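Rule-based calculations on the coordinates, nothing more; no lab input. Values in this document were obtained by computation on a predicted structure and should not be read as measured data. Glycine gets a Cβ as well: all are built from the backbone with ideal geometry, and neighbour counts include every protein chain shown.
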Amino acid sequence: MEILDFKIAQDENVYPPSEDSYLLIEAINPNNSINALEIGIGSGIISMHLAKKIDTVFSCDINPYSLFLSRQNALANSISNIYLFSSNIFSSIKPGILFDLIVFNPPYLPVDSPPRKLIDLSYHGGIDGGDHIRTFLKSLGLFLSINGTTYLLQSSLYPLENTTNYLENNNFKYNIKRTLKLDFETLYVLEISFFKNNKF
Ligand SMILES: C[S@@+](CC[C@H](N)C(=O)[O-])C[C@H]1O[C@@H](n2cnc3c(N)ncnc32)[C@H](O)[C@@H]1O
């Protein structure tokens with residue numbers, strides 16, 4: 001299948017390109033970024049878009065099928081500047097390694113039963129939908145370069161003010177870069193950077 005000029009294969013175990021993926025792609029401004037990190041790569045669509053604009057893209061997922069499919073998709077599109085690795089959010093990255101651009105489209109559905117299949121990991125956001133967002137935000141400051149920018153997708157299913165309050169209290173500034181109203185939720189893309197370029 002052709003999506004945004006990319007040849008994209010799909011796999012029943014992997015999150016397919018969807019409205020939230022496209023909303024993030026529309027929102028991202030790569031500016032002068034030299035490197036980027038995508039957490040939760042899915043089919044690879046966002047990382048492939050980044051790889052056309054940025055020298056080096058590091059991309060991880062917790063789902064091995066996603067890493068395999070993203071590798072196939074990058075190869076099918078002759079993209080060779082995406083470096084794939086397995087990670088639980090930032091767990092595989094050494095603190096001190098910094099990224100100019102960080103992108104995360106997290107699993108955000110509020111679900112109170114544990115995931116049963118690997119594809120469920122694409123959706124399960126814990127009881128209130130915010131588990132992955134909170135884990136991500138807690139460590140974000142360690143990995144974002146001083147002038148770097150982060151793009152985070154969030155749904156209204158998890159209160160937006162939980163995230164914005166955290167950002168305001170932890171030396172970040174943000175801007176709601178895109179909004180998309182769907183039947184049962186509204187999607188937001190937050191553009192996040194350090195407040196006054198001052199890391200701590
Ligand atoms: C909503 S999908 C987004 C996929 C892709 N970025 C896109 O926008 O089309 C969330 C992705 O995060 C991955 N994921 C879930 N939990 C994760 C974790 N703890 N660490 C890293 N990736 C995770 C899932 O496997 C899935 O590929």
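Miscellaneous remarks
- Over the range 2-197, relative contact order from alpha-carbon pairs under 8 Å, at least 6 apart, %: 19
- Max mean-square fluctuation residue, GNM over the chain, Cα-Cα springs under 10 Å, options A27, A76, A36: A76
- For the range 50-125, the equivalent ellipsoid built from the Cα gyration tensor has semi-axes of 24, 16, 11 Å, listed from largest to smallest.
- Compactness of the range 106-194, expressed as Rg and Dmax over alpha-carbon positions, Å: 13.4, 40
- Most mobile listed residue (S139, S18, S87) in the chain, GNM with C-alpha springs under 10 Å: S18
- DSSP beta bridge pairing in the range 64-200, given as percent antiparallel to the nearest 5: 70
- Cα centroid separation - the range 145-200 against the range 82-106, whole Å: 18
- Computed lengthening from L182 to T135, 0.36 nm per intervening residue step minus Cα-Cα distance: 14.3 nm
- The range 2-197 shape via C-alpha gyration tensor axes, a/c threshold 1.5: rounded
- Amide N proximity, the range 107-147 versus T56 label position 7 Å along Cα-to-Cβ, cut-off under 18 Å: 143-147
- Tensor-based shape of the range 26-92 (alpha-carbon gyration tensor, a/c under 1.5 rounded, otherwise prolate or oblate): oblate
- Long pairs among K117/K177; K52/K173; K94/K117, criterion Cα-Cα beyond 31 Å: K117/K177
- Extension gain (nm, one decimal) between R71 and L157, 0.36 nm per residue minus Cα-Cα: 27.8 nm
- Residue of I62, I25, I34 that the Gaussian network model of the chain assigns the largest fluctuation, springs spanning Cα pairs under 10 Å: I34
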